[in-house]
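Below you'll find the structure, written out as structure tokens, and then a few comments.
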């Protein structure tokens, strides 16, 4: 009798463990930059602009290499390469980009196909929001947005790396949005870390793409619920 | 001849002066258009023909911010050039233009009235229609009563009218259809339109009328000069089209250094090299990525510039040695060479200043002037050559008869 209980308990434990081992895992990690990045450039036209210039006490600079003290690299789009057809964008919460002090915040973003991108205008000045995708099926749009006007909405049907958004009224304003047809991506934060949640078990190619530092890939396997990855990109 | 060129008995100077004014306004328009592309703000007004929902003539000054200032100014100056061109085309027609002015004006006025009554929300559009309609109707009663210019010149006026309309629509479509390619056609047509207006200004000048009846020697005995002028003008047109293509790809400087190109005589254009160029440049404004095609275009532009400079220098030498530096075509060819030298300097300055908007725009303007000057040189040399040939053929013995000794000398003596 006791033996039966013990056997059943062991079997149940094994079953639960088996189920857990098949559960989705998180891919976490840190991106670092090797080498010294080029000096960012002053955005002189912004400071010279009579309206936008007043919003800044000093001349803002470009934000290509956002690097921490230990080389932590922000604004890197990390994704599973080769995965497709798993978009849940239609039901995902909108991704929000704001126009604040005549700059796009954030400057780098990632969304799924079909996911709504909400563009806000928190500035007391009008902007136009001009998306410039290059993949067929993703239409180019150019919309006006009055000061503190209603939000604008964009979405894309095809996966595409770094779709450019820009404001032609203020030509120094530009941002990029990467579009995936799956939910397995993340953008590294100011501390260089990222997290891709709920990845099904399996072997993948992890891709980290930066606007200027380029692309680095790494083969990984998700099998025990969590994977930690360290990636490094070279300054160009 | 002179009467036909003086519609309504107005002094030719009036018409010629007006044509010059239209040409100057067109050059200004090209300059403002150059500022639009140099600042990269061509799409800063997303709608057309309206501006942010306003009728363009009612767009509040307070909203002329950032790139809108350039783009909206471009639209307003373009409207002015459209108006000037319309008046010029009508003026060339003399009294026969009256109904063409009066009845469309009535239609515009009626449309404005209907818009005002039926669509009060579009009162700005209605006001513009009513104003233009009323002005056109009244002016039609005071319109000059002369015969108008010769038919061929009147037709040139009509071509100019349709060209300016097409140019406006092309500019509008470039905005609404969001097509960079249309911008290339828009820029090239602008250059051709400027040449056309300059040609009309030339044809309405007293100098043209005077020399048409009493041609000087000029290029008549030197058809090789026509080939020089034609060839160089064609090269400049190709060069300006290349320039327009580069500008309207909105990629900034495809090659940032000069006289070398990415440190080499001929830059690498393989995918790895192009990716490296893009990664290494930190753009302050939203530029498109550089492509291998753009690098090749830029190199072609440089080589063509060198070819044009050499050809213009050789053409000026050929002209001066045959006609003298003080002849009309001699002076013109030397001025042309000076303009090309200035253009080359501006091209270099454009690169060294990292495409500063004012320098890049001066480069566009200088290119437009160089093309217009070439067009004038072509027209003048061809006209004189044609006159000389006609004169020679009128002195030539009829078929079957024996050629008269010394007939060639007789033809030359005619000049």
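Summary of computed values
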quantity: Scan of region A:102-149 for residues that are on the phi > 0 side of the Ramachandran plot and more than 17 Å from the chain's Cα centre (by Cα), ordered by number; calculated: A:102, A:137, A:148
quantity: Filter result for residue A:78 (assigned to a strand (DSSP E or B), in contact with a helix residue (DSSP H, G or I) (Cβ under 8 Å, 6 or more places away or on another chain) and more than 22 Å from residue B:287 (Cβ to Cβ)); calculated: no
quantity: For residue B:291: the one exception among (1) crowded, with 18+ Cβ neighbours inside 10 Å; (2) in contact (Cβ under 8 Å) with a residue 40 or more places away in the chain; (3) over 19 Å from residue B:345 (Cα atoms); calculated: (1)
quantity: Wholly enclosed helices (runs of 4 or more DSSP H) of region B:246-355 bearing at least 2 residues under 28 Å from residue B:179 (Cβ atoms) and more than 14 Å from chain A (Cβ to nearest Cβ); calculated: B:292-323, B:328-352
quantity: Members of region B:10-42 that are more than 14 Å from chain A (Cβ to nearest Cβ), part of a helix (DSSP H, G or I) and free of Cβ contacts under 8 Å to residues at least 40 places away in the same chain; calculated: B:14, B:17, B:24
quantity: Members of region A:93-111 found to be in contact with a strand residue (DSSP E or B) (Cβ under 6 Å, 6 or more places away or on another chain) and assigned to a strand (DSSP E or B), listed by number; calculated: A:95, A:96, A:97, A:98, A:99, A:104, A:105, A:108, A:109, A:110, A:111
quantity: Boolean, residue B:72 is over 19 Å from the mean Cα position of the chain (by Cα), within 27 Å of residue B:248 (Cβ to Cβ) and touching a residue at least 60 places away in the same chain (Cβ under 8 Å); calculated: no
quantity: Residues within region B:43-69 that are under 20 Å from residue B:181 (Cα atoms) and either facing chain A (nearest Cβ under 10 Å) or outside any loop (DSSP other than H, G, I, E, B) (or both), tallied; calculated: 5
quantity: Test set (1) touching a residue at least 40 places away in the same chain (Cβ under 8 Å); (2) farther than 19 Å from residue A:166 by Cβ - residue B:61 fails condition number; calculated: (1)
quantity: Only listed residue being in a strand (DSSP E or B) and either at pLDDT below 95 or away from chain B (no Cβ under 12 Å) (or both), chosen from A:6, A:11, A:33, A:15; calculated: A:33
quantity: Only one of A:164, A:120 that is facing chain B (nearest Cβ under 8 Å) and modelled with pLDDT of 95 or more; calculated: A:164
quantity: Residue that is farthest from the other protein chains (Cβ to nearest Cβ) [pool: residues in region A:36-75 that are assigned to a loop (DSSP other than H, G, I, E, B) and within 17 Å of residue A:187 (Cβ to Cβ)]; calculated: A:68
quantity: Residue check, residue B:286 touching a residue at least 60 places away in the same chain (Cβ under 8 Å), within 30 Å of residue A:66 (Cα to Cα) and in the same structural domain as residue B:367 (by TED's automatic domain parsing); calculated: yes
quantity: Residue A:101 surrounded by fewer than 19 Cβ atoms within 10 Å (Cβ to Cβ), within 16 Å of residue A:190 (Cβ to Cβ) and at pLDDT 95 or above; calculated: no
quantity: Residue pairs meeting the criteria (Cβ under 6 Å; at least 6 apart or on separate chains; first farther than 8 Å from residue B:92 by Cβ, in region B:141-156; second crowded, with 20+ Cβ neighbours inside 10 Å); calculated: B:144/B:7; B:146/B:7; B:146/B:94; B:147/B:94
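The rows are residues; the columns are (1) closer than 21 Å to residue B:25 by Cα; (2) away from every other protein chain (no Cβ under 14 Å); (3) free of Cβ contacts under 8 Å to residues at least 12 places away in the same chain.
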position	(1), (2), (3)
B:127	no, yes, no
B:138	no, yes, yes
B:159	yes, yes, no
B:162	yes, yes, yes
B:188	yes, yes, no
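The values are calculated or read from the model by the stated rules, or taken from the named source; none is laboratory data. What you see is a predicted model, and the numbers here were worked out from it, not measured in a lab. Methodologically, a virtual Cβ is constructed for each residue, glycine included, from the backbone with ideal geometry; neighbour enumeration extends over all protein chains shown.
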